[in-house]
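Have a look at the structure below before the remarks.
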């Protein structure tokens, strides 16, 4: 019985860990995408200024 309890606790912890990692990965990728888009917008604005 104790072994099953320990296994279920480990499984729960792993599930939480994986969920946390996925959340972190989503947050980082969203942040990076926003940064890249912002950089792209800035770059195109600069090009338009130079062409004007």
Right, residue 37: surrounded by 10 or more Cβ atoms within 10 Å (Cβ to Cβ) and on the phi < 0 side of the Ramachandran plot or not?
-> yes
Test residue 44 against the stated conditions and say whether it is within 11 Å of the chain's Cα centre (by Cα) and assigned to a helix (DSSP H, G or I).
-> no
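Read the figures in this text as sums done on the coordinates, not as results from a lab. These figures come from a predicted structure and were not determined experimentally. Cβ coordinates were reconstructed from backbone atoms using ideal geometry, including for glycine residues, and neighbour counts include every protein chain displayed.
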